[in-house]
1. So in region 95-130, with the set limited to residues that are within 30 Å of PHE176 (Cβ to Cβ) and at pLDDT below 90, which one is surrounded by the fewest Cβ atoms within 10 Å (Cβ to Cβ)?
2. If you take the residues in region 83-114 that are polar (S, T, N, Q) and under 19 Å from the mean Cα position of the chain (by Cα), which one is nearest to ILE258 (Cα to Cα)?
3. Go through region 183-241 and count every residue that is within 11 Å of ligand 2 (Cβ to nearest atom), in a helix (DSSP H, G or I) and either more than 17 Å from PHE303 (Cα to Cα) or among the β-branched types (Val, Ile, Thr) (or both).
4. Condition check: outside any strand (DSSP E or B) and either at positive phi or aromatic (Phe, Trp, Tyr) (or both). Does PHE93 satisfy that?
5. Please state which of the following conditions PRO317 fails to meet, knowing it meets all the rest: (1) under 28 Å from THR172 (Cα atoms); (2) assigned by TED's automatic domain parsing to the domain that holds PRO103; (3) not charged (D, E, K, R).
6. Restricting to region 298-317, give me the number of residues that are touching a Phe, Trp or Tyr at 6+ places or on another chain (Cβ under 7 Å) and within 16 Å of ligand 2 (Cβ to nearest atom).
7. Report, by residue number, each residue of region 115-139 that is under 24 Å from the mean Cα position of the chain (by Cα), farther than 22 Å from ILE190 by Cα and assigned to a loop (DSSP other than H, G, I, E, B).
Amino acid sequence: MAVQRRGNVKTADTTPFEKQIKRVILQSQTKSPYRGYIVPLLALIGTVALLTWLCSVWTNDNTETMVSQEEVLTQPRVFMVQCSEDYQKYKHFPDVLSSGCTPMKCGRAVSDSVVTADEARALKRLAEKGLALGGSDGGASILDLHSGAMSMGRKFINIYRYFNDQIRDIFTEEDFELYRVVRGRIQTVIAETFGLDSSQLYLTKPTFFSRINSTSAKTPHDEYWHPHIDKVTYGSFDYTSLLYLTDYGVDFIGGRFIFMDINRNRTVEPRAGRVSFFSSGSENLHRVEKVAWGTRYAITVSFTCDPDYAIADPSLP
Ligand SMILES: O=C(O)CCC(=O)C(=O)O
Ligand SMILES: [Fe+2]
């Protein structure tokens with residue numbers, strides 16, 4: 001019966017080949033000085049990859065341009081979206097479920113044929129001369145011709161009280177007439193696009209000129225970039241419109257308007273004379289990108305379906 005060799009019993013008859021194998025096994029069992037770093041290194045690489053992916057989802061990679069500054073839209077470019085359920089909790093105007101005014105069809109649209117380049121230039125001059133008298137210390141100033149509110153330093157003043165009769169040296173009847181004409185045309189295009197009865201739609205407040213630059217915010221009023229829903233922020237809004245008075249990429253950088261949809265951001269690049277309008281509910285969550293350089297001018301013109309919140313067109317006192 002053959003005697004079996006057991007365990008690590010050393011024998012004198014180990015061949016050179018066996019010795020070499022043992023050396024290799026011994027070497028591979030010896031601890032590498034880097035071994036303790038491998039797990040944290042892999043965790044770090046994983047975290048960086050995850051953050052990179054999240055950043056790409058939150059920023060540009062997940063952003064599509066709905067309308068660029070270069071293109072000129074002679075017809076409204078319309079994107080319908082499902083109305084949010086919020087409308088069920090609001091009173092409907094008129095109170096039958098018809099396409100009278102309260103959004104039954106929701107969406108967003110952009111047109112470059114509502115306001116001419118000359119009209120946009122004249123409205124920009126109006127905003128410039130008004131805001132030259134005041135303006136916010138931070139990056140965002142407003143001028144509301146209806147209420148008279150204008151940013152001044154870290155506060156607001158009422159231009160009609162502050163400047164009294166001198167207001168007629170600043171603004172003209174033509175300025176106000178232009179605002180009224182443009183407001184009327186915007187109202188018509190909103191009604192046509194959403195299939196509404198234009199006479200059931202009313203101007204509401206606030207309606208204001210905005211001037212934004214890259215100066216850092218000094219008060220919360222200067223923080224224009226937060227995501228928001230106009231119906232929540234302003235209450236009476238049913239349809240929001242924005243008339244841009246300067247050009248993205250020419251007069252300013254940054255400052256794009258961003259619709260924040262569930263899986264995607266959709267941007268509207270401002271162009272002088274461009275009108276962007278949308279139903280004001282949570283189907284149209286949006287924000288304005290921070291302005292990085294230059295000055296951006298726009299007008300927010302807002303409409304309600306509730307006659308109780310209707311306001312008259314601004315007029316020179
Ligand atoms: O100026 C813009 O593009 C948007 C402003 C805005 O969101 C607002 O006035 O509610
Ligand atoms: Fe808004």
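1. Once the filter is applied, the top-ranked residue is GLY100.
2. Selected residue: SER111.
3. 2
4. Considered against the rule, which asks whether it is outside any strand (DSSP E or B) and either at positive phi or aromatic (Phe, Trp, Tyr) (or both), PHE93 comes out as yes.
5. (2)
6. Residues flagged as touching a Phe, Trp or Tyr at 6+ places or on another chain (Cβ under 7 Å) and within 16 Å of ligand 2 (Cβ to nearest atom) within region 298-317 amount to 6.
7. Scanning region 115-139 gives ASP137, GLY138, GLY139.
Let's see how each residue does on (1) in the same structural domain as LEU178 (by TED's automatic domain parsing); (2) on the phi < 0 side of the Ramachandran plot; (3) in contact with a helix residue (DSSP H, G or I) (Cβ under 8 Å, 6 or more places away or on another chain):
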residue: GLY273; (1), (2), (3): yes, no, yes
residue: PHE277; (1), (2), (3): yes, yes, yes
residue: LEU285; (1), (2), (3): yes, yes, no
residue: LYS290; (1), (2), (3): yes, yes, no
residue: THR295; (1), (2), (3): yes, yes, no
residue: ALA298; (1), (2), (3): yes, yes, no
residue: SER302; (1), (2), (3): yes, yes, yes
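The values are calculated or read from the model by the stated rules, or taken from the named source; none is laboratory data. Being a predicted model, the structure only gives us computed values, none of them experimental. So basically every Cβ, Gly included, is an ideal-geometry build from the backbone, and we count neighbours across all protein chains shown.
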